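Participant: Pasting a structure here, questions to come.
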Amino acid sequence: MREEEIERLRGVVRDCVTKHLYTSAIFFADKVAAFTNDPADIYMQAQALFLGRHYRRAFHLLNASKIVLRDLQFRYLAAKCLEELKEWDQCLSMLGEAKVDEDGNVVMYLDKDCEDHEINISSAICFLRGKAYEALENRAQARLWYKAAIKADPLCYEALECLIQNHMLTCEEESKLISSLQFGSEDGWLSSFYSCLIKKYEKENVVEAKFRDLENESCKSDQSDPSFMRTLKSNTDLLACKAEYYHQCGEYQKCFELTSVLLEKDPFHLKSTLVHLAAAMELGHSNELYLMAFNLVKDYPQKALSWYAVGCYYYCIKKYDVSRRYFSKATSLDATFPPAWIGYGNAYAAQEEGDQAMSAYRTAARLFPGCHLPALYIGMECMRTHSYKLAEQFFMQAKETCPSDPLVCNELGVVAYHMQEYKKAVWWFEKTLVLIPNSLSEMWEPTVVNLAHAYRKLKMYREAISYYEKALVLSTRSLSTYAGLAYTYHLQDDYSTAITYYHKALWLKPDDQFCTEMLSWALVDESRRGVDHILEQQ
């Protein structure tokens, strides 16, 4: 057959692949490889077989060619076939021997041999190693190889996504990894984009600065096309990061509104969907959760996210037994889906089934070492059983993983308060208020009240009253605030003001025993003072 005819058949194979006609592509690729016996044509045939889901046949073809021993692309495609066949040990064996250090630097023979618009083959191989180790439940090695993949080529976004979504790195490690990446001269915007993806417990101005940096880099990277920056600013992935930030700093209504807009624009954007579910849970929007769960199960019956959404709906309407079943189903579909494990533990904790809750949280802590929430929830369970010293240890562990989450500092303050270490409690509560990413909202009213209680215990009544009044600005319907304020005035012998606040507290809860008894004492003390005053005048 003439070279022109062979080249025409190669073009037919490429066109069939483009049009997803894989059976036709396999047929013609087989004929071209038979005519030429050229390694490039054998690779094309194997690629067509792989795309047509004939993984075993593709692997046999590559392995029989013997080129697989000396050509990285052949070896990588053969390993991809083994990945699809779930033969993970053989997959690692096919990729060959290699070592990686703790920083993700690879000691191997792979060199960069690609154009700037291509993903480095060594990066792809490192990523595949990471997937194989993760499937074999060797998460420590998986973490190292994912880091190696993104370091070998910052364009290998999948490796970064696995590290972030599976919580393999702490906050500090994520930041360190992003800063260590070597981006090309045209990829400055990508560095800023990646920095928006990592955990977001910083102050609002720090997070906003990240988004501004991204806009500035966008301008630099393509000054001739200002529409590039506008497009990037409205990109769904970037706005989903912003929604995630709103959720993490307790701005649930803002988060819900933003994700609603994003899902209207792209109803199948799964990251926005997950954040939307979390915000709807916090706001108690059970109808929205029901609709989301129904659509997800219909469109993605094999995804853990779908059954997690069903679990969220039943958790929201307080059917915890049912919610547990669906959270459990989500973990069975994808054991590396963090929200399902947390939800599973929370559903047990809601019914005070502490042992099962702790078991779920411990599993989450083992699977997701970069996530501080399992340790935080374990600490809360310990506190519920009055094991304050143990609770403090777990809260400190959570703080080491994520030092900037204000909720962790708040719980440390609560533990210190229960252990009657009031100065320590004040320190932790004040640190909590400093770390809150946004301006104070009603969500943080209990922290302000706790700080006031701690000051009252230290007999620093002026400071206590100041924080009680700040708490009243955040919420005017808090029994604890009115009772604390009344008791503080009572301790200062300001009986009339104390009586006023006891009445306000009892208006919120008429049968409150503490306020009822203290109001009686305050009235007695006030009348006794009145009698003493009359006697003095006589």
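Participant: When region 85-98 is examined, which residues are found to be surrounded by 16 or more Cβ atoms within 10 Å (Cβ to Cβ) and either within 32 Å of the chain's Cα centre (by Cα) or closer than 17 Å to ASP38 by Cα (or both)?
Facilitator: Across region 85-98, the qualifying residues are GLU87, TRP88, CYS91, LEU92, LEU95, ALA98.
Participant: What do you reckon, is ALA34 without any contact (Cβ under 8 Å) to a residue 40 or more places away in the chain, buried (at least 17 other Cβ atoms within 10 Å of the Cβ) and of a type in the set (Gly, Ala, Ser)?
Facilitator: So ALA34 fails the test.
Participant: I'd like the residue in region 494-523 that is in contact (Cβ under 8 Å) with a residue 24 or more places away in the chain and open to solvent by 70 Å² or more (accessible area, probe 1.4 Å) and, out of all such residues, is farthest from the chain's Cα centre (by Cα).
Facilitator: Applying the filter and picking the extreme gives LEU523.
Participant: Another one. Can you tell me which residues in region 45-62 are open to solvent by 70 Å² or more (accessible area, probe 1.4 Å) and over 40 Å from the mean Cα position of the chain (by Cα)?
Facilitator: Within region 45-62, just HIS60 meets the criteria.
The values are calculated or read from the model by the stated rules, or taken from the named source; none is laboratory data. Bear in mind the structure is a predicted one, so any value in this text is a computation, not a measurement. Heads up, the Cβs are rebuilt from the backbone with ideal geometry, glycines too, and the neighbour counts pull from every protein chain shown. When the accessible area is computed, the model is the full protein with side chains, heavy atoms only, and any ligands, DNA or RNA have been set aside. Shrake-Rupley method; radii C 1.70, N 1.55, O 1.52, S 1.80 Å.
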